[in-house]
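Each remark here refers to the structure printed beneath this line.
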Amino acid sequence: MLKRQHMPIFVTVALFAFIFIAGSFRYTGFFSAQVLLNLFIDNAFLLIVAIGMTFVIVSGGIDLSVGSVIALTTMISATLLQDGWSPAAVIPLVLILGSAFGAGMGAIIHYFKIQPFIVTLAGMFLARGLCYVISTNTITIDNAFYTSMAQTKLTLPGGSFVSISVLIALLVFGAAFYMAHYTRFGRNTYALGGNEQSAVLMGLPVARTKIGVYMFSGFCSALAGVVFTFYMLSGYGLHAIGMELDAIAAVVIGGTLLTGGFGYVAGTLFGVLIQGVIQTIISFEGTLSSWWTRIVIGLLLFLFIVLQKLFSGRQLLQKHRA
Amino acid sequence: MEERRPILHMKDIHKHFPGVKALSGVQFRLFPGEVHALMGENGAGKSTLIKVLTGVYSIDQGYVEMEQKRIAIQSPQDAQEAGISTVYQEVNLCPNLSVAENIFIGREPRRFGRILWKEVNRAAASLLEERMNLSIDVTLPLHAYPIAIQQLVAIARALNISAKVLILDEPTSSLDRGEVRQLFDVMNKLKGEGLAILFVTHFLDQVYEISDRITILRGGEFVGEYAASALPRIELVSKMIGKELKLLEELPKQQADANEAAGELLLEAKSLGRKGSIEPFDLSIRKGEIVGFAGLLGSGRTEAARLLFGADRPDQGSLRMGEAGAVHTPRQAIDQGIAFCSEDRKGEGIIDDLTIRENIVLALQASQGWFRSISKKRQSEIAEQFIEALNINPPNPDQLIKNLSGGNQQKVLLARWLLTDPKLLILDEPTRGIDIGAKAEIQKLVMSLSEKGMSVLFISSELEEVLRVSDRIAVLRDRRKVKEMSGDDMSEQQVMKAIAGGGEG
């Protein structure tokens, strides 16, 4: 049964299918499993970070620090590996640091009642600044584990392949989907985004949920940072600049309401894929500058926000009639 | 009754806020299987008492006993765990979640941490069915249902948290008659099952219809606890306001004879209508006349008023104001001397973080243009003048308006529009949620304004009030103007008949 609350996600999925099919008709070699899989390979880190962002936005907040946390993660990983640390120590460490960074921001947001926008903006500058404290240059990674993670191709039946990063991203996706819909933490997040005052009066653990949401986003950023390190094999303070905005765009295109309380992790997956497929089309076209991706994403964002407005406007109207 | 033991006993409760004694020495008892009304004017301490009981505020002195055991309530969670649940006027649930989820969130049945949705939905449906006599699709989001249903869902949630004490804080304010009936049926059923219900309302009728006992507060102090059957209405009111109820009774019944045809035509609407909001209607208002809109909630009263003010765009018909001509936008309406006091005091009227003075001069300043500012001295003079004239309390122009009681906020709003010296004042539910004393003051004020030649469009859900104030009444039903009456035709029965509709019931 198609319920009205599922409309936004259907729009997103249909849009993705439409673009993909249109691309397949226009360009030879576009319609293949590998092109589809490449969307995942090239956007694994974006997917991970956008999933964390989905939770934050559903809870009614925003996290601007994610791009910087990715950059910081690449920097810390690269220097520690250069100093001879084992990846088995580096990866857990950066994941813990990212989570702690997120939890810290969440705690400030909750206990001092400061807008998430400001707190995470401060977090964004802080993390980006810390990158340059470590080094202003690119640090390349030649650790065997990292290079093997970067180069390993998992061949699928039919001859196409994916990278390990894709597996990680899909695992995160599965876990997040389960968390959003089948755990109390996930449902409390929706409740928080629906009406925080009510959530308090309903006796829900608002503090824990809110801090948890930012902690999860911090964790996702750090994990995306690890995956990004696999992808780039370097640490650099200019990595992932503006990625927080790509993530937010993916979430919004995926049908999540910026005002909170409504959205799906699955929508975010397609939000990321739409960004990817537009990029692919532009590279197939060949003559267009890659900045056209941004232009199209901008237009899409605008379109989706107007759609959301109409959608939530109708909800409001319904409430008034009631 | 006295041999039974109270399930909840609040003893000698004190609560201070900076500069205010909100509660001093208040006591309250609640027995199982009763509906107990908590009465008092605004500022009597009802909300404070409830917030103390639900853990929103802490107690300064005194204590709460639940089933003869002292309990400490420090947070809403504590209250819930003690078996005290509250349902507020504005439903405190999450509109984006499903009905079932709203009932069970935080306590969903789980297996290995996985929420069992089938179980949740089934349990929610049977809970609503059995205890609320309500069968609805529990998987739809809460906002898909009207407020009345949302309230029942909130009650269901409260009950499910093994509530022994249920607090209903102004639950009926935004319900229509049928919905109130439905709520009362549920309350009676729950009462029969031994639940103790604390009921707060402004509607006296409802108090007598449903409650067994009444506790009265005044000025933060305990006045008394009475059996509802042993407390006549008039005595209840005089105990609430602490003086003999002269003010209300002295209000003269409007003399219809004097200004019958005297005033010239001020406003004329011809088959003015808007699809989905109100069907085309005619209305004329003369100078110095008070026209009342009567009708149930949702009958189209507000919608009609918004058309008259130009706040909504009509699909058809015309609207003329005196000689000046047509009215299409609120801007034009204001220029031509129409002032509109919205029913949504909080949302569309007052600006919380400004002072009384600033809130009063707002409309005048706007009509003068922002570049000709009114000096602060002048502002204060104006504010003080109105504070005195309307008896606004506290009489301090620099008090933030959010700290005022509902009645006083309403007076500030009135002052704002009176200052612009309107020819027509539209008052949408000016007395909703304010206490009897302030109500009478506002009614009196409206009458004296009309004597001075101002026309007033008075909208209220309280029939009695509309009858008392108006020269002429237009009755609305189902988004249609069904009848207009004046003079001797105007009686409660006639209006009721028109509201109920011919022959149906």
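Beta-bridge orientation, region B:8-249: approximately 60 percent antiparallel, per DSSP, counting only bridges with both partners inside. Counting other Cβ atoms within 10 Å, which trypsin sites (Lys or Arg not before Pro) in region B:341-427 have at most 10 and lie in a DSSP loop? Those that pass, being in a loop and sparsely packed, are B:Arg372. With a/c under 1.5 counting as rounded, go ahead and sort region B:8-249 into rounded, prolate or oblate using the C-alpha gyration tensor (a ≥ b ≥ c being the square roots of the eigenvalues; past the cut-off, prolate if a/b is larger than b/c, else oblate). Prolate is the answer for region B:8-249, as a/c is 1.5 or above and a/b outweighs b/c.
The B:Lys270 and B:Glu451 beta-carbon pair, evaluated with R₀ = 41 Å, returns a calculated FRET efficiency of approximately 0.90. Look at B:Val495, B:Val456 and count the other Cβ atoms within 10 Å of each Cβ; fewest to most, that gives B:Val495, B:Val456. Averaging 1/r over every pair of different alpha carbons in region A:1-140 and inverting the result gives a Kirkwood radius of 18.1 Å. Counting only DSSP beta bridges whose two residues both lie in the protein assembly as shown, roughly 60 percent are antiparallel. Counting only Cβ charges, +1 for Lys and Arg and -1 for Asp and Glu, the dipole size of the protein assembly as shown around its Cα centre is about 1500 debye.
Order of A:Thr229, B:Thr48, B:Thr215 from fewest to most other C-beta atoms within 10 Å?
The fewest-first ordering by Cβ neighbours comes to B:Thr48, B:Thr215, A:Thr229.
Averaged over the residues of A:180-192, the number of partner chain Cβ atoms lying within 10 Å of the residue Cβ comes to 4.
Within the shell defined by Cβ-Cβ distances under 10 Å, the residues around B:Tyr63 carry a net charge of 0, with Lys and Arg each +1 and Asp and Glu each -1. Measuring from centroid to centroid over Cα atoms, what is the spacing of region B:269-335 and region A:249-270 in Å? Region B:269-335 and region A:249-270 have Cα centres separated by 42 Å.
Hey, if you put +1 on the Cβ of every Lys and Arg and -1 on every Asp and Glu Cβ in region B:335-488, which of B:Gly369, B:Leu390, B:Gly437 ends up farthest toward the positive end of that dipole? Among B:Gly369, B:Leu390, B:Gly437, the one farthest towards the positive end of the dipole of region B:335-488 is B:Gly369. Between the exposed loop cleavage positions of chain A, defined as trypsin sites (Lys or Arg not before Pro) in a non-H, G, I, E, B DSSP state with at most 13 neighbouring beta-carbon atoms within 10 angstrom, the longest gap is A:114-322. Considering only A:Gly67, A:Gly174, A:Gly276, the mean-square fluctuation computed in a Gaussian network model of chain A, springs between alpha carbons under 10 angstrom, is largest for A:Gly174. DSSP bridge analysis restricted to chain B gives an antiparallel fraction near 55%, rounded to the nearest 5. What's the percent breakdown of Cα-Cα distances in region B:347-421 across 5 Å bins, shortest bin first? Histogramming region B:347-421 at 5 Å steps yields 3, 19, 32, 27, 14, 5, 0 percent. Between A:Lys309 and A:Ala122, the contour length at 0.36 nm per residue exceeds the Cα-Cα span by 64.4 nm.
Annotation for region B:431-505 versus region A:39-65: alpha-carbon center distance of 56 Å.
Please compare each pair in B:Lys46/B:Lys69; B:Lys376/B:Lys444; B:Lys275/B:Lys411; B:Lys411/B:Lys452; B:Lys287/B:Lys481; B:Lys15/B:Lys376 to a cut-off of 27 Å on the Cα-Cα distance and tell me which ones are over it. Intermediate results must be reported in sequence, preceding the final value.
Details: B:Lys46/B:Lys69 23 Å; B:Lys376/B:Lys444 30 Å; B:Lys275/B:Lys411 34 Å; B:Lys411/B:Lys452 18 Å; B:Lys287/B:Lys481 22 Å; B:Lys15/B:Lys376 36 Å.
Over 27 Å apart, Cα to Cα: B:Lys376/B:Lys444; B:Lys275/B:Lys411; B:Lys15/B:Lys376.
On a C-alpha basis, how far is the centre of region B:43-119 from the centre of region B:337-372 in Å? Whole number, if you could? If you average the Cα positions of each part, the centres end up 37 Å apart. Going by a ≥ b ≥ c, the root eigenvalues of the Cα gyration tensor, does region A:4-312 fall in the rounded group (a/c under 1.5), the prolate group (a/b larger than b/c) or the oblate group? Oblate, because a/c is 1.5 or more while a/b does not exceed b/c.
For the residues B:Leu265, B:Leu427, A:Leu257, B:Leu467, what sequence is obtained by ranking on other C-beta atoms within 10 Å, fewest first?
On the way: B:Leu265 14, B:Leu427 27, A:Leu257 22, B:Leu467 19.
Listing B:Leu265, B:Leu427, A:Leu257, B:Leu467 from fewest to most nearby Cβ atoms yields B:Leu265, B:Leu467, A:Leu257, B:Leu427.
Only Lys, Arg, Asp and Glu carry charge here, each on its Cβ (+1 for the first two, -1 for the last two); on that basis chain A has a dipole of about 1180 debye about its Cα centre. Using only side-chain charges placed at the Cβ, +1 for Lys and Arg and -1 for Asp and Glu, the dipole size of region B:418-497 relative to its Cα centre rounds to 320 debye. Of the residues A:Phe20, A:Phe45, A:Phe55, the one that moves most in a GNM of chain A with alpha-carbon contacts below 10 Å is A:Phe20.
A Gaussian network model of chain A, with springs between Cα atoms under 10 Å, assigns the largest mean-square fluctuation among A:Leu36, A:Leu93, A:Leu299 to A:Leu299.
Only the coordinates and a few stated rules stand behind these numbers; no lab work does. Just so it is clear, the structure is predicted and the values come from calculations on it, not from any experiment. Heads up, the Cβs are rebuilt from the backbone with ideal geometry, glycines too, and the neighbour counts pull from every protein chain shown.
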